[in-house]
There are 2 protein chains.
Amino acid sequence: MTLLISGGAGFIGPSLIDRAARDGHDAIVIDNLSRGRREHLGAPTLLIKADLAQASSVEHAASALGGRRIDEFWHLAANSDIPAGVEDPSVDLRDTFLTTFHSLLLAERLGVRHFFFASSSAVYGDQGSTRISEELGPLLPISNYGAMKLASEAQISAAAESALGRAGLYRFPNVVGVPATHGVLLDFVRKLKSNPLQLDVLGDGTQQKAYLHVSELVDGMWFASRRQQARREVFNIGPADDGVSVQWIAQQVCARVAPQARIAFGQGKKGWVGDVPRFRYDTARLAALGWRPTLDSSAAIVRAIDEVARQEGV
Amino acid sequence: MTLLISGGAGFIGPSLIDRAARDGHDAIVIDNLSRGRREHLGAPTLLIKADLAQASSVEHAASALGGRRIDEFWHLAANSDIPAGVEDPSVDLRDTFLTTFHSLLLAERLGVRHFFFASSSAVYGDQGSTRISEELGPLLPISNYGAMKLASEAQISAAAESALGRAGLYRFPNVVGVPATHGVLLDFVRKLKSNPLQLDVLGDGTQQKAYLHVSELVDGMWFASRRQQARREVFNIGPADDGVSVQWIAQQVCARVAPQARIAFGQGKKGWVGDVPRFRYDTARLAALGWRPTLDSSAAIVRAIDEVARQEGV
């Protein structure tokens, strides 16, 4: 079987390719190489350089594939910089929403019937202390990042009525691991590399979130996708715990990278406008099917800190 | 107070302008006049001709307004032809999604803090016999029409976190009345006008839907918007009944317009791909605030048939 993976040279793609390869499947990657890198991919993986935000990419990618049969489309391409999308709504419009629109056109063009999407817990918005299950509504995202993930889900759901046979929508919280291209761990490690004596943290450090290791995320998505029965399925994928605080993460990064650093916190509960300060995630649906992560949030963070530190040469 | 109404020269706008005028408020309309018409508007209403699907419309509209204070933005502009969007996803992308994107930019540019949106029950998708309340998830639209309405809700929700102070999202089923620019009644009346002996109906006529009269829709939206407390509020607006069948509607239109016509039904439960054959709508939330429509689905249809027939000169 051959997977076509949009944005596959970025953070999640390499782990997904590894997971699929364990079951004997090939992958082809489409990436605009904005944050993705050729060197994230193993030698056998074909890379098509194309920006799916552009309408012309559909024709370009179809032509580069030259009639090769594609069995599944995994759509990972998206903006991953949430604050950038708060500043300028066109970022998520282009890199998350329009990449979905053109990925669906490409899937239809190629006759691909199975489409899987890396969505986000950000589609739920700020639900306070409510435990967030897939059955929760209304969905009121508070960032353009979350809005364009939800908008992408909506497009995919509609396409499943006509061109697609099957759509899997996977909503997950913060993901950590390597190759790190963005996120809190990379940010902290790089700050400490440039100044080992002080770590400046956005917000007051009390924000608490759940974290999933990227290897487990792809394992959970893969598990759900193999067992899909309905035309459309939505799964929360995440650890069962309620997460760890930014303060705790900062302490762990310092302990690994720069034990002498002083941690300086900012003001307020949120790191930025559109940041969900705290949420409680319900992952019972996937657990009932038989899958749950082996690492909780703290174990995922500790493992990823070491991986990111080594990636950054510290 | 002055309302700025996108798509206001179409079907819903004239009734909204009437409703606001009853409370002493003015309206300014932005419309691309694709289905909207200047003659739908009373003489005092300023009309800015602009296509909000285009980025350039933001500057054009802001300049045409010349610094005039706008208190509320009512975003009605959208594609209203559901089958057209099934054939070509770019229709809803352009006329529903991108008009929302640029309406939000325009609202921000004008410093408008209150934004109200004509969403749709189509955001829920096909929920079978489940009674559909605002708390229902996941939202899995089955048409591009519903997808781009949901995608628009998502954008507005995110904007409410930063630029906007208040966002009201109103989800309603089929709406009937005048000026009719689209919909089943106009379709049937026009067909019977051209052939009074036969009425061809898409689908087997058993599709059952709830209908709301446009005068009551705007009354319900207006009521909800005046009482809004939270930053974001979502309301189902519709009759309390489970609707009437297409067969019954066809019979009523024939009785009014061409009593001698034979009704010829098609095959299948759905009129087209992406049509939700039947749904049960929960409107308890708005009823608890004190508003419910005075006409049920059948009364709304009977009243609207007469209005549409007179509009079409029969």
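The values are calculated or read from the model by the stated rules, or taken from the named source; none is laboratory data. Just so it is clear, the model here is predicted, and its values are computed rather than measured. Every residue, glycine among them, receives a Cβ derived from its backbone with ideal geometry; neighbour counts consider all protein chains shown.
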When (1) closer than 24 Å to A:Leu164 by Cβ; (2) part of a loop (DSSP other than H, G, I, E, B); (3) within 22 Å of the chain's Cα centre (by Cα) are applied to A:Val29, the one that fails is (2)
Name, by its number, the condition in (1) surrounded by fewer than 19 Cβ atoms within 10 Å (Cβ to Cβ); (2) closer than 21 Å to B:Val214 by Cβ that does not hold for B:Ile17.
(1)
Only one of these is modelled with pLDDT of 95 or more, surrounded by fewer than 15 Cβ atoms within 10 Å (Cβ to Cβ) and not small (Gly, Ala, Ser): B:Arg94, B:Arg69. Name it.
B:Arg69
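Which ones in the stretch B:1-18 are under 11 Å from B:His40 (Cα atoms) and hydrophobic (A, V, I, L, M, F, W, C)?
Going through the stretch B:1-18, the residues under 11 Å from B:His40 (Cα atoms) turn out to be B:8-15, B:17.
Selection gives B:Ala9, B:Phe11, B:Ile12, B:Ile17.
Specify the residue that is farthest from the other protein chains (Cβ to nearest Cβ); the eligible residues are those in the stretch A:146-187 that are under 30 Å from B:Asp88 (Cα atoms) and among the polar types (S, T, N, Q). Full working, then the answer.
Of the stretch A:146-187, the ones under 30 Å from B:Asp88 (Cα atoms) are A:146-171.
Imposing the further condition that a residue be among the polar types (S, T, N, Q) reduces the set to A:152, A:155, A:157, A:162.
Working: A:Ser152: 8, A:Gln155: 5, A:Ser157: 4, A:Ser162: 5 Å.
Per the stated criteria, the residue is A:Ser152.
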Scanning for something away from every other protein chain (no Cβ under 14 Å), within 17 Å of the chain's Cα centre (by Cα) and crowded, with 21+ Cβ neighbours inside 10 Å, does the stretch B:202-209 turn up at least one residue?
yes
Among the residues of the stretch B:234-262, write down those that are closer than 23 Å to B:Ala118 by Cβ and in contact with an Asp or Glu (Cβ under 8 Å, 6 or more places away or on another chain).
B:Val234, B:Phe235, B:Asn236, B:Pro239, B:Ala240, B:Asp241
Looking only at residues in the stretch A:73-114 that are within 17 Å of A:Ala53 (Cβ to Cβ) and assigned to a strand (DSSP E or B), which one is nearest to the chain's Cα centre (by Cα)?
A:His75
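Listed here are the residues, each with its yes/no results for (1) out of contact with any Asp or Glu (no Cβ under 6 Å at 6 or more places or on another chain); (2) under 27 Å from A:Leu136 (Cβ atoms).
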residue	(1), (2)
B:Gly66	yes, no
B:Trp74	yes, no
B:Pro83	yes, no
B:Val86	yes, no
B:Phe101	yes, yes
B:Leu104	yes, yes
B:Ala107	yes, no
B:His114	no, yes
Taking the condition aromatic (Phe, Trp, Tyr), within 18 Å of A:Ile70 (Cα to Cα) and within 14 Å of chain B (Cβ to nearest Cβ), does A:Phe117 pass?
yes
For the stretch A:115-164, enumerate the residues that are assigned to a loop (DSSP other than H, G, I, E, B) and of a type in the set (S, T, N, Q).
A:Ser119, A:Ser120, A:Gln127, A:Ser129, A:Thr130, A:Ser133, A:Ser143, A:Ser162
Does any residue in the stretch B:59-81 that is without any contact (Cβ under 8 Å) to a residue 24 or more places away in the chain come within less than 7 Å, Cβ to Cβ, of a residue that is among the β-branched types (Val, Ile, Thr) and not in a loop (DSSP other than H, G, I, E, B) six or more places away or on a different chain, and which pairs are these?
B:Ala64/B:Ile48
For A:Gly42, all conditions in the list (1) within 14 Å of another protein chain (Cβ to nearest Cβ); (2) out of contact with any Asp or Glu (no Cβ under 6 Å at 6 or more places or on another chain) hold save one; what is the number of the exception?
(1)
Restricting the stretch A:125-145 to residues that are of a type in the set (S, T, N, Q) and facing chain B (nearest Cβ under 7 Å), the one surrounded by the most Cβ atoms within 10 Å (Cβ to Cβ) turns out to be A:Asn144
